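Visitor: Before anything else, here's the structure in question.
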Amino acid sequence: METGGNSLPSGPDGVKRKVLYFYDPEVGNYYYGQGHPMKPHRIRMTHALLAHYGLLQHMQVHKPVPARDRDLCRFHADDYVNFLHNVTPETQQDQLRQLKRFNVGEDCPVFDGLFSFCQTYAGGSIGGAVKLNHGFCDIAINWAGGLHHAKKCEASGFCYVNDIVLAILELLKQHQRVLYVDIDIHHGDGVEEAFYTTDRVMTVSFHKFGDYFPGTGDIRDIGYSKGKYYSLNVPLDDGIDDESYHYLFKPIISKVMEVFRPGAVVLQCGADSLSGDRLGCFNLSIKGHAECVKFMRSFNVPLLLLGGGGYTIRNVARCWCYETGVALGVEVDDKMPQHEYYEYFGPDYNLHVSPSNMENKNSRQLLLEIRNKLLDNLSKLEHAPSVQFQEREPDTELPEADEDQDDGDERWNSDSDMDIDEDRKLIIPSRVKREVIEPETRDPVCSMEVQIETIEQTRGFDTATNET
(Lines give C-alpha, C1' and ligand atoms only; values in the text may rest on other atoms or scores of the structure.)
Protein backbone atom coordinates (compact mmCIF):
# COMPACT_ATOMS: atom_id res chain seq x y z
CA MET A 1 0.00 0.00 0.00
CA GLU A 2 1.53 3.30 -1.07
CA THR A 3 -0.81 5.65 0.77
CA GLY A 4 0.58 8.44 2.94
CA GLY A 5 3.03 11.29 2.77
CA ASN A 6 6.79 11.06 2.50
CA SER A 7 6.90 7.42 1.43
CA LEU A 8 10.07 5.56 2.25
CA PRO A 9 12.33 4.41 -0.57
CA SER A 10 12.04 0.85 0.72
CA GLY A 11 9.25 -0.03 -1.68
CA PRO A 12 6.71 -2.84 -1.19
CA ASP A 13 5.92 -4.19 2.24
CA GLY A 14 8.04 -7.29 1.73
CA VAL A 15 11.24 -5.26 1.46
CA LYS A 16 13.39 -4.96 4.57
CA ARG A 17 13.37 -1.70 6.50
CA LYS A 18 16.32 -0.09 8.19
CA VAL A 19 15.49 -0.39 11.88
CA LEU A 20 17.14 1.40 14.78
CA TYR A 21 16.59 0.13 18.33
CA PHE A 22 17.18 2.02 21.59
CA TYR A 23 18.07 0.15 24.78
CA ASP A 24 19.73 1.11 28.04
CA PRO A 25 21.04 -1.87 30.05
CA GLU A 26 20.20 -0.09 33.31
CA VAL A 27 16.50 0.32 32.56
CA GLY A 28 15.55 -3.02 34.11
CA ASN A 29 16.96 -1.98 37.49
CA TYR A 30 14.37 0.72 38.19
CA TYR A 31 11.74 -0.45 40.65
CA TYR A 32 8.41 1.22 41.32
CA GLY A 33 7.93 -0.63 44.60
CA GLN A 34 6.56 -3.85 46.03
CA GLY A 35 3.21 -4.81 44.56
CA HIS A 36 3.23 -2.09 41.91
CA PRO A 37 2.12 -3.48 38.52
CA MET A 38 4.56 -1.38 36.44
CA LYS A 39 7.83 -3.30 36.16
CA PRO A 40 10.63 -1.87 34.00
CA HIS A 41 12.24 -5.31 34.23
CA ARG A 42 9.98 -6.29 31.30
CA ILE A 43 12.21 -4.16 29.01
CA ARG A 44 15.24 -6.25 30.00
CA MET A 45 13.29 -9.46 29.40
CA THR A 46 12.31 -8.19 25.94
CA HIS A 47 15.95 -7.39 25.19
CA ALA A 48 17.02 -10.89 26.24
CA LEU A 49 14.55 -12.42 23.80
CA LEU A 50 15.73 -10.12 21.00
CA ALA A 51 19.33 -11.13 21.69
CA HIS A 52 18.72 -14.87 21.75
CA TYR A 53 16.43 -14.83 18.73
CA GLY A 54 19.28 -13.10 16.87
CA LEU A 55 17.23 -10.01 16.05
CA LEU A 56 19.76 -7.51 17.39
CA GLN A 57 22.11 -8.41 14.56
CA HIS A 58 19.58 -7.12 12.02
CA MET A 59 19.30 -3.58 13.38
CA GLN A 60 21.36 -0.72 14.74
CA VAL A 61 21.41 -0.80 18.53
CA HIS A 62 21.87 2.46 20.42
CA LYS A 63 21.99 3.42 24.05
CA PRO A 64 19.73 6.47 24.43
CA VAL A 65 21.27 9.80 25.34
CA PRO A 66 19.50 10.90 28.55
CA ALA A 67 17.06 13.77 28.03
CA ARG A 68 18.06 16.88 29.95
CA ASP A 69 15.86 19.22 31.95
CA ARG A 70 15.52 21.67 29.08
CA ASP A 71 14.56 18.87 26.70
CA LEU A 72 11.75 17.80 29.02
CA CYS A 73 10.67 21.43 29.46
CA ARG A 74 9.77 21.67 25.79
CA PHE A 75 6.45 20.24 26.95
CA HIS A 76 6.47 19.98 30.73
CA ALA A 77 6.33 22.89 33.19
CA ASP A 78 9.69 24.00 34.60
CA ASP A 79 8.63 23.61 38.23
CA TYR A 80 7.32 20.09 37.61
CA VAL A 81 10.56 18.97 35.92
CA ASN A 82 12.56 20.61 38.71
CA PHE A 83 10.50 18.66 41.27
CA LEU A 84 11.12 15.34 39.48
CA HIS A 85 14.81 16.15 39.30
CA ASN A 86 15.16 16.80 43.02
CA VAL A 87 12.67 14.60 44.84
CA THR A 88 14.02 11.42 46.43
CA PRO A 89 12.50 8.73 48.66
CA GLU A 90 14.40 10.29 51.57
CA THR A 91 13.18 13.86 50.98
CA GLN A 92 9.62 13.27 49.80
CA GLN A 93 8.12 13.62 53.29
CA ASP A 94 9.33 17.22 53.31
CA GLN A 95 7.50 17.96 50.04
CA LEU A 96 3.97 16.71 50.73
CA ARG A 97 2.34 19.76 49.17
CA GLN A 98 4.25 19.33 45.93
CA LEU A 99 3.60 15.58 45.90
CA LYS A 100 -0.12 16.28 45.94
CA ARG A 101 0.15 19.13 43.43
CA PHE A 102 2.03 17.00 40.90
CA ASN A 103 0.00 13.81 41.57
CA VAL A 104 3.07 11.86 42.72
CA GLY A 105 2.79 9.28 45.47
CA GLU A 106 0.46 6.33 44.83
CA ASP A 107 0.05 5.28 41.20
CA CYS A 108 3.19 7.29 40.46
CA PRO A 109 5.48 6.67 43.46
CA VAL A 110 8.82 8.28 44.23
CA PHE A 111 11.51 5.61 43.81
CA ASP A 112 15.27 5.44 43.69
CA GLY A 113 16.56 6.89 40.41
CA LEU A 114 13.17 8.25 39.31
CA PHE A 115 14.53 11.17 37.31
CA SER A 116 17.21 9.04 35.63
CA PHE A 117 14.45 6.65 34.58
CA CYS A 118 12.51 9.55 33.04
CA GLN A 119 15.64 10.80 31.26
CA THR A 120 16.32 7.34 29.85
CA TYR A 121 12.92 6.51 28.42
CA ALA A 122 12.33 10.03 27.12
CA GLY A 123 15.82 10.14 25.61
CA GLY A 124 15.10 6.99 23.58
CA SER A 125 11.88 8.39 22.11
CA ILE A 126 13.34 11.81 21.31
CA GLY A 127 16.45 10.15 19.89
CA GLY A 128 14.30 7.93 17.68
CA ALA A 129 12.51 11.01 16.33
CA VAL A 130 15.86 12.70 15.64
CA LYS A 131 17.13 9.65 13.72
CA LEU A 132 13.92 9.50 11.66
CA ASN A 133 14.17 13.22 10.93
CA HIS A 134 17.70 12.79 9.60
CA GLY A 135 16.71 9.79 7.48
CA PHE A 136 19.07 7.38 9.24
CA CYS A 137 16.37 4.73 9.62
CA ASP A 138 12.91 3.80 8.39
CA ILE A 139 11.69 2.55 11.78
CA ALA A 140 12.92 3.53 15.26
CA ILE A 141 12.01 1.45 18.33
CA ASN A 142 12.01 2.41 22.02
CA TRP A 143 10.16 -0.20 24.06
CA ALA A 144 10.93 1.73 27.26
CA GLY A 145 8.85 4.67 26.00
CA GLY A 146 5.17 5.16 25.27
CA LEU A 147 4.15 6.60 28.66
CA HIS A 148 1.08 8.36 27.33
CA HIS A 149 -0.74 9.56 30.47
CA ALA A 150 1.76 12.17 31.74
CA LYS A 151 0.47 15.75 31.58
CA LYS A 152 2.22 19.08 31.27
CA CYS A 153 2.18 19.65 35.03
CA GLU A 154 1.54 16.27 36.61
CA ALA A 155 2.21 12.55 36.64
CA SER A 156 -0.60 10.14 35.87
CA GLY A 157 -1.16 6.41 35.41
CA PHE A 158 2.43 5.27 36.14
CA CYS A 159 3.76 7.94 33.72
CA TYR A 160 5.94 10.89 34.80
CA VAL A 161 7.12 12.59 31.60
CA ASN A 162 5.34 12.22 28.28
CA ASP A 163 8.05 10.97 25.94
CA ILE A 164 5.49 10.65 23.14
CA VAL A 165 4.63 14.35 23.11
CA LEU A 166 8.35 15.20 23.20
CA ALA A 167 9.03 12.87 20.26
CA ILE A 168 6.13 14.31 18.24
CA LEU A 169 7.40 17.85 18.89
CA GLU A 170 10.75 16.73 17.49
CA LEU A 171 9.11 15.17 14.41
CA LEU A 172 7.14 18.37 13.77
CA LYS A 173 10.41 20.16 13.07
CA GLN A 174 10.77 18.09 9.92
CA HIS A 175 7.21 17.02 9.06
CA GLN A 176 4.16 19.17 8.51
CA ARG A 177 1.86 16.47 9.87
CA VAL A 178 2.40 13.66 12.38
CA LEU A 179 -0.03 10.83 13.12
CA TYR A 180 -0.23 9.27 16.58
CA VAL A 181 -1.89 5.84 16.95
CA ASP A 182 -2.43 4.22 20.36
CA ILE A 183 -3.33 0.53 20.83
CA ASP A 184 -2.81 0.44 24.61
CA ILE A 185 -5.98 -0.63 26.44
CA HIS A 186 -6.04 2.78 28.18
CA HIS A 187 -6.95 6.00 26.42
CA GLY A 188 -3.93 8.04 25.28
CA ASP A 189 -5.20 11.07 27.16
CA GLY A 190 -1.92 12.93 27.73
CA VAL A 191 -1.03 12.94 24.04
CA GLU A 192 -4.54 13.82 22.88
CA GLU A 193 -4.73 16.70 25.35
CA ALA A 194 -1.38 18.14 24.25
CA PHE A 195 -2.44 18.35 20.59
CA TYR A 196 -6.20 18.84 20.98
CA THR A 197 -6.35 22.18 19.18
CA THR A 198 -3.99 21.67 16.25
CA ASP A 199 -4.43 20.19 12.79
CA ARG A 200 -0.74 19.24 12.53
CA VAL A 201 -1.09 16.19 14.79
CA MET A 202 -3.89 13.65 14.50
CA THR A 203 -4.38 11.33 17.49
CA VAL A 204 -6.19 7.99 17.14
CA SER A 205 -6.75 5.93 20.28
CA PHE A 206 -8.29 2.45 20.50
CA HIS A 207 -9.16 1.80 24.14
CA LYS A 208 -11.48 0.36 26.76
CA PHE A 209 -14.11 2.95 27.62
CA GLY A 210 -16.58 3.05 30.48
CA ASP A 211 -15.74 2.91 34.19
CA TYR A 212 -12.07 2.49 33.37
CA PHE A 213 -8.91 4.55 33.85
CA PRO A 214 -8.44 7.37 32.88
CA GLY A 215 -12.15 7.89 32.13
CA THR A 216 -11.60 9.93 28.96
CA GLY A 217 -11.79 9.02 25.28
CA ASP A 218 -15.46 9.29 24.38
CA ILE A 219 -16.22 8.92 20.67
CA ARG A 220 -17.66 12.47 20.83
CA ASP A 221 -14.26 13.93 21.78
CA ILE A 222 -13.07 15.04 18.36
CA GLY A 223 -10.72 17.98 18.97
CA TYR A 224 -11.32 21.69 19.22
CA SER A 225 -10.82 24.82 17.12
CA LYS A 226 -8.29 24.08 14.35
CA GLY A 227 -8.00 20.59 15.82
CA LYS A 228 -11.65 19.69 15.30
CA TYR A 229 -11.89 16.17 13.81
CA TYR A 230 -8.16 15.63 14.37
CA SER A 231 -8.76 13.61 17.54
CA LEU A 232 -10.31 10.19 16.95
CA ASN A 233 -11.42 7.99 19.84
CA VAL A 234 -12.44 4.36 19.38
CA PRO A 235 -14.24 3.27 22.58
CA LEU A 236 -14.30 -0.50 23.06
CA ASP A 237 -15.81 -2.93 25.55
CA ASP A 238 -14.44 -6.01 27.33
CA GLY A 239 -13.29 -9.09 25.47
CA ILE A 240 -12.61 -7.65 22.03
CA ASP A 241 -10.82 -10.20 19.85
CA ASP A 242 -8.49 -9.94 16.86
CA GLU A 243 -11.21 -10.03 14.20
CA SER A 244 -13.34 -7.34 15.83
CA TYR A 245 -10.32 -5.13 16.52
CA HIS A 246 -9.12 -5.25 12.91
CA TYR A 247 -12.67 -4.66 11.66
CA LEU A 248 -12.24 -1.17 13.11
CA PHE A 249 -8.49 -0.62 12.98
CA LYS A 250 -7.81 -1.24 9.29
CA PRO A 251 -10.56 0.83 7.64
CA ILE A 252 -10.15 3.70 10.10
CA ILE A 253 -6.37 3.85 9.74
CA SER A 254 -6.62 3.48 5.95
CA LYS A 255 -8.95 6.48 5.82
CA VAL A 256 -6.72 8.46 8.19
CA MET A 257 -3.67 7.84 6.00
CA GLU A 258 -5.62 8.80 2.86
CA VAL A 259 -7.05 12.02 4.28
CA PHE A 260 -4.38 13.22 6.71
CA ARG A 261 -1.27 12.10 4.77
CA PRO A 262 1.20 12.23 7.67
CA GLY A 263 4.90 12.68 7.13
CA ALA A 264 5.66 10.43 10.11
CA VAL A 265 3.74 8.03 12.36
CA VAL A 266 4.14 7.29 16.08
CA LEU A 267 2.60 3.97 17.16
CA GLN A 268 2.21 3.30 20.88
CA CYS A 269 2.16 -0.49 21.30
CA GLY A 270 0.89 -0.87 24.86
CA ALA A 271 0.70 -4.61 25.55
CA ASP A 272 -2.02 -4.40 28.20
CA SER A 273 -4.54 -4.87 25.39
CA LEU A 274 -3.37 -8.49 25.12
CA SER A 275 -5.44 -11.38 26.44
CA GLY A 276 -4.66 -12.21 30.05
CA ASP A 277 -3.11 -8.90 31.07
CA ARG A 278 -3.02 -8.25 34.81
CA LEU A 279 -4.88 -4.94 34.47
CA GLY A 280 -6.52 -5.41 31.08
CA CYS A 281 -9.79 -6.91 29.85
CA PHE A 282 -9.26 -7.33 26.09
CA ASN A 283 -8.67 -10.63 24.32
CA LEU A 284 -6.10 -9.89 21.60
CA SER A 285 -3.49 -12.46 20.61
CA ILE A 286 0.12 -11.43 20.11
CA LYS A 287 -0.28 -11.88 16.35
CA GLY A 288 -3.47 -9.82 16.42
CA HIS A 289 -1.72 -7.03 18.32
CA ALA A 290 1.27 -7.20 15.98
CA GLU A 291 -1.00 -7.05 12.93
CA CYS A 292 -1.48 -3.37 13.81
CA VAL A 293 2.28 -2.86 13.63
CA LYS A 294 2.44 -4.72 10.32
CA PHE A 295 -0.40 -2.63 8.92
CA MET A 296 1.21 0.68 9.91
CA ARG A 297 4.53 -0.51 8.46
CA SER A 298 2.85 -1.22 5.12
CA PHE A 299 2.29 2.48 4.43
CA ASN A 300 6.03 3.12 4.03
CA VAL A 301 6.01 6.22 6.22
CA PRO A 302 8.75 6.89 8.81
CA LEU A 303 7.60 5.02 11.91
CA LEU A 304 8.42 5.35 15.61
CA LEU A 305 7.41 2.29 17.67
CA LEU A 306 7.02 2.79 21.42
CA GLY A 307 6.08 0.61 24.37
CA GLY A 308 3.50 1.59 26.97
CA GLY A 309 1.33 -0.45 29.31
CA GLY A 310 1.60 -4.18 29.87
CA TYR A 311 1.50 -5.85 33.26
CA THR A 312 1.76 -9.59 32.64
CA ILE A 313 5.41 -9.11 31.92
CA ARG A 314 6.16 -12.45 30.26
CA ASN A 315 3.51 -11.62 27.63
CA VAL A 316 4.82 -8.07 27.23
CA ALA A 317 8.26 -9.45 26.39
CA ARG A 318 6.74 -11.98 23.99
CA CYS A 319 4.72 -9.28 22.24
CA TRP A 320 7.45 -6.70 21.79
CA CYS A 321 9.94 -9.33 20.65
CA TYR A 322 7.51 -10.52 17.98
CA GLU A 323 6.70 -6.94 16.93
CA THR A 324 10.41 -6.18 16.58
CA GLY A 325 10.53 -9.09 14.16
CA VAL A 326 7.54 -7.62 12.30
CA ALA A 327 9.36 -4.28 12.02
CA LEU A 328 12.40 -6.08 10.61
CA GLY A 329 10.35 -8.29 8.30
CA VAL A 330 11.62 -11.41 10.12
CA GLU A 331 9.31 -14.21 11.22
CA VAL A 332 10.53 -15.59 14.56
CA ASP A 333 10.02 -19.18 15.69
CA ASP A 334 7.29 -19.95 18.17
CA LYS A 335 9.62 -22.26 20.12
CA MET A 336 11.61 -20.03 22.44
CA PRO A 337 15.42 -20.28 22.60
CA GLN A 338 17.11 -20.90 25.95
CA HIS A 339 17.97 -17.65 27.73
CA GLU A 340 18.39 -16.21 31.23
CA TYR A 341 14.65 -15.63 31.76
CA TYR A 342 13.51 -18.90 30.18
CA GLU A 343 11.68 -20.03 33.34
CA TYR A 344 9.25 -17.10 33.05
CA PHE A 345 7.72 -18.64 29.93
CA GLY A 346 6.78 -22.11 31.16
CA PRO A 347 5.22 -24.55 30.97
CA ASP A 348 5.31 -24.65 27.13
CA TYR A 349 8.07 -22.06 26.50
CA ASN A 350 6.44 -20.74 23.33
CA LEU A 351 6.41 -17.18 22.04
CA HIS A 352 2.68 -17.13 21.32
CA VAL A 353 -0.16 -17.62 23.78
CA SER A 354 -3.74 -18.50 22.95
CA PRO A 355 -6.53 -16.00 23.65
CA SER A 356 -9.05 -16.96 26.31
CA ASN A 357 -12.70 -17.91 25.82
CA MET A 358 -13.94 -14.71 27.49
CA GLU A 359 -17.10 -13.12 26.13
CA ASN A 360 -16.69 -10.45 23.47
CA LYS A 361 -19.05 -7.68 24.57
CA ASN A 362 -18.49 -5.74 21.35
CA SER A 363 -21.44 -6.66 19.14
CA ARG A 364 -21.12 -6.39 15.38
CA GLN A 365 -23.83 -3.72 15.43
CA LEU A 366 -21.86 -1.65 17.97
CA LEU A 367 -18.67 -2.01 15.94
CA LEU A 368 -20.48 -0.97 12.77
CA GLU A 369 -21.87 2.13 14.46
CA ILE A 370 -18.41 3.11 15.76
CA ARG A 371 -16.81 2.54 12.37
CA ASN A 372 -19.44 4.52 10.48
CA LYS A 373 -19.31 7.41 12.94
CA LEU A 374 -15.52 7.75 12.77
CA LEU A 375 -15.37 7.36 9.00
CA ASP A 376 -18.03 10.05 8.76
CA ASN A 377 -15.91 12.36 10.93
CA LEU A 378 -12.94 11.71 8.67
CA SER A 379 -15.00 12.47 5.58
CA LYS A 380 -15.35 16.03 6.87
CA LEU A 381 -11.60 16.47 6.33
CA GLU A 382 -11.52 16.87 2.59
CA HIS A 383 -7.76 16.95 2.20
CA ALA A 384 -4.56 17.22 4.18
CA PRO A 385 -4.47 20.53 6.07
CA SER A 386 -2.26 23.24 4.66
CA VAL A 387 0.53 24.56 6.85
CA GLN A 388 1.69 28.12 6.41
CA PHE A 389 5.30 28.27 5.28
CA GLN A 390 7.58 29.66 7.97
CA GLU A 391 11.22 29.57 8.91
CA ARG A 392 11.76 26.23 10.60
CA GLU A 393 13.78 25.62 13.71
CA PRO A 394 17.23 24.14 12.91
CA ASP A 395 17.37 20.35 12.94
CA THR A 396 18.69 18.75 16.07
CA GLU A 397 22.31 17.72 15.82
CA LEU A 398 23.13 14.04 16.16
CA PRO A 399 25.67 12.80 18.72
CA GLU A 400 28.92 11.57 17.27
CA ALA A 401 28.95 8.60 19.63
CA ASP A 402 25.92 7.00 17.98
CA GLU A 403 27.67 6.77 14.65
CA ASP A 404 30.44 4.64 16.15
CA GLN A 405 28.13 1.74 16.96
CA ASP A 406 27.91 0.17 13.52
CA ASP A 407 30.04 -2.88 14.36
CA GLY A 408 27.60 -5.66 15.10
CA ASP A 409 30.10 -7.43 17.36
CA GLU A 410 30.34 -4.37 19.57
CA ARG A 411 26.66 -3.49 19.64
CA TRP A 412 25.55 -6.20 21.98
CA ASN A 413 26.56 -9.19 24.02
CA SER A 414 23.85 -11.72 24.75
CA ASP A 415 25.33 -12.47 28.15
CA SER A 416 25.72 -8.87 29.25
CA ASP A 417 23.22 -6.28 30.44
CA MET A 418 21.08 -8.99 31.97
CA ASP A 419 21.92 -9.07 35.68
CA ILE A 420 18.96 -7.90 37.67
CA ASP A 421 19.47 -6.31 41.04
CA GLU A 422 17.64 -8.85 43.20
CA ASP A 423 18.70 -7.02 46.37
CA ARG A 424 17.04 -3.73 45.48
CA LYS A 425 15.31 -2.57 48.65
CA LEU A 426 11.72 -1.44 48.89
CA ILE A 427 11.90 2.32 49.15
CA ILE A 428 8.37 3.14 50.23
CA PRO A 429 5.20 1.11 50.52
CA SER A 430 2.83 2.04 47.72
CA ARG A 431 -0.86 1.32 47.55
CA VAL A 432 -1.69 1.41 43.86
CA LYS A 433 -5.09 2.86 43.03
CA ARG A 434 -7.67 0.91 41.18
CA GLU A 435 -7.67 1.78 37.49
CA VAL A 436 -10.87 3.85 37.74
CA ILE A 437 -11.04 7.61 38.25
CA GLU A 438 -13.38 10.41 37.36
CA PRO A 439 -12.93 11.98 33.91
CA GLU A 440 -10.53 14.89 34.00
CA THR A 441 -11.31 18.38 32.81
CA ARG A 442 -9.17 19.42 29.90
CA ASP A 443 -6.39 21.90 30.71
CA PRO A 444 -6.32 24.58 28.00
CA VAL A 445 -2.77 25.49 29.02
CA CYS A 446 -1.61 22.22 27.47
CA SER A 447 -2.95 23.08 24.02
CA MET A 448 -0.88 22.83 20.87
CA GLU A 449 -0.42 26.59 20.70
CA VAL A 450 1.91 26.21 23.66
CA GLN A 451 3.76 23.37 21.95
CA ILE A 452 4.19 25.26 18.65
CA GLU A 453 5.42 28.29 20.54
CA THR A 454 7.90 26.03 22.29
CA ILE A 455 9.11 24.62 18.97
CA GLU A 456 9.67 28.08 17.57
CA GLN A 457 11.40 29.49 20.64
CA THR A 458 13.67 26.67 21.77
CA ARG A 459 16.73 25.17 20.20
CA GLY A 460 15.44 21.61 20.39
CA PHE A 461 16.86 18.37 21.64
CA ASP A 462 20.65 18.60 21.92
CA THR A 463 21.95 15.06 21.89
CA ALA A 464 25.53 15.76 22.88
CA THR A 465 26.95 12.84 24.86
CA ASN A 466 29.15 13.00 27.92
CA GLU A 467 32.46 11.20 27.96
CA THR A 468 32.57 8.57 30.68
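Visitor: Return the sequence-ordered ³J(HN,Hα) values of segment 181-188 in whole Hz as given by the Karplus equation 6.51 cos²θ - 1.76 cosθ + 1.60 applied to θ = phi - 60°, using x for Gly and Pro.
Guide: With the stated coefficients, segment 181-188 comes to 10, 10, 10, 5, 5, 8, 4, x Hz.
Visitor: Considering only DSSP states other than H, G, I, E and B, which chymotrypsin sites (Phe, Trp or Tyr not before Pro) in segment 298-382 qualify as loop sites with at most 15 other Cβ atoms within 10 Å? Could you put the intermediate results ahead of the total?
Guide: On the way: sites: Phe299, Tyr311, Trp320, Tyr322, Tyr341, Tyr342, Tyr344, Phe345, Tyr349; in loops: Phe299, Tyr311, Tyr341, Tyr349.
Here the chymotrypsin sites (Phe, Trp or Tyr not before Pro) that fit, given the DSSP loop and packing criteria, are Tyr349.
Visitor: Compute the distance from the alpha-carbon center of segment 342-373 to that of segment 195-245, in whole Å.
Guide: Their Cα centres are 20 Å away from one another.
Visitor: For a quick check of understanding: with a 1.4 angstrom probe and all protein chains in place, what accessible area in square angstrom does Lys16 have, to the nearest ten?
Guide: Per-residue accessible area (Lys16): approximately 120 Å².
Visitor: Quick one: pull the percent of accessible area on segment 254-344 belonging to carbon and sulfur, 1.4 Å probe, ligands and nucleic acids left out.
Guide: Working: 1030 of 2310 Å².
Percent of accessible area from carbon and sulfur atoms in segment 254-344: 44.
Visitor: When ligands, DNA and RNA are left out and all protein chains stay put, how many square angstrom of accessible area per residue does segment 172-310 have with a 1.4 Å probe?
Guide: Accessible area per residue: 23 Å².
Visitor: Separate question: Please go through segment 76-158 and write out the chymotrypsin sites (Phe, Trp or Tyr not before Pro) that DSSP classes as loop and that have at most 14 other C-beta atoms within 10 Å.
Guide: Working: sites: Tyr80, Phe83, Phe102, Phe111, Phe115, Phe117, Tyr121, Phe136, Trp143, Phe158; in loops: Phe102, Phe111, Phe136, Trp143, Phe158.
Nothing satisfies the criteria.
Visitor: What's the center-to-center distance, using Cα atoms, between segment 272-323 and segment 97-125 in Å?
Guide: 24
Visitor: Each residue of segment 324-338 in turn: what ³J(HN,Hα) in whole Hz from Karplus with 6.51, -1.76, 1.60 and θ = phi - 60°, glycine and Pro shown as x?
Guide: Result, ordered by residue: 5, x, 4, 4, 7, x, 10, 8, 9, 5, 6, 6, 7, x, 5 Hz.
Visitor: So, one more: Using modelled backbone amide H atoms (1.01 Å from N, in-plane), which distant-in-sequence or interchain residues come within less than 5 Å of Lys151's amide H?
Guide: Ser156
Visitor: Straight-line reach from Lys226: which lysines have Cα under 30 Å away, leaving out those fewer than 8 places along the same chain?
Guide: Within the straight-line limit of under 30 Å, Lys226 reaches these lysines: Lys131, Lys151, Lys152, Lys173, Lys208, Lys250, Lys255, Lys373, Lys380.
Visitor: Can I ask one more? Using amide H atoms built 1.01 Å from N in the peptide plane, name the residues 5+ places from Val266, or on other chains, whose amide H lies under 5 Å from its own.
Guide: Under 5 Å from the amide H of Val266: Leu179, Tyr180, Val181, Leu304.
Visitor: How high is the relative contact order of segment 38-184, in percent, with contacts defined as C-alpha pairs under 8 Å that are six or more residues apart?
Guide: On the way: 167 pairs, mean separation 36.8, N = 147.
Reported as a whole number, the value is 25 percent.
Visitor: List the residues whose amide H sits under 5 Å from the amide H of Phe213, counting only those 5 or more places along or on another chain, with H placed 1.01 Å from N in the peptide plane.
Guide: Long-range HN contacts for Phe213: Val436, Ile437.
Visitor: Are there trypsin sites (Lys or Arg not before Pro) in segment 242-331 that DSSP marks as loop and that have at most 15 other Cβ atoms within 10 Å, and which are they? Don't skip to the end; give the middle numbers.
Guide: Details: sites: Lys255, Arg278, Lys287, Lys294, Arg297, Arg314, Arg318; in loops: Arg278.
Loop-located and lightly packed - Arg278.
Visitor: Turning to a different aspect of this structure: Tell me, what is the percent relative contact order of segment 248-341, built from C-alpha pairs under 8 Å that lie six or more residues apart?
Guide: Details: 106 pairs, mean separation 28.3, N = 94.
Result for segment 248-341 is 30 percent.
Visitor: Hey, how much of the P(r) for segment 82-233 falls beyond 20 Å, as a percent of Cα pairs?
Guide: Values: 5984 of 11476 pairs.
It works out to 52 percent of all Cα pairs.
Visitor: Return a whole-number percent for the relative contact order of segment 105-208, with Cα pairs under 8 Å and 6 or more residues apart as the contact set.
Guide: Numbers: 153 pairs, mean separation 24.9, N = 104.
In percent, rounded to a whole number, it is 24.
The values are calculated or read from the model by the stated rules, or taken from the named source; none is laboratory data. Note that the structure is a prediction, hence the values are computed from the model and not measured. Methodologically, a virtual Cβ is constructed for each residue, glycine included, from the backbone with ideal geometry; neighbour enumeration extends over all protein chains shown. Please note that ligands, DNA and RNA were not included when accessible areas were found on the heavy atoms of the full protein model with its side chains. Shrake-Rupley method; radii C 1.70, N 1.55, O 1.52, S 1.80 Å.
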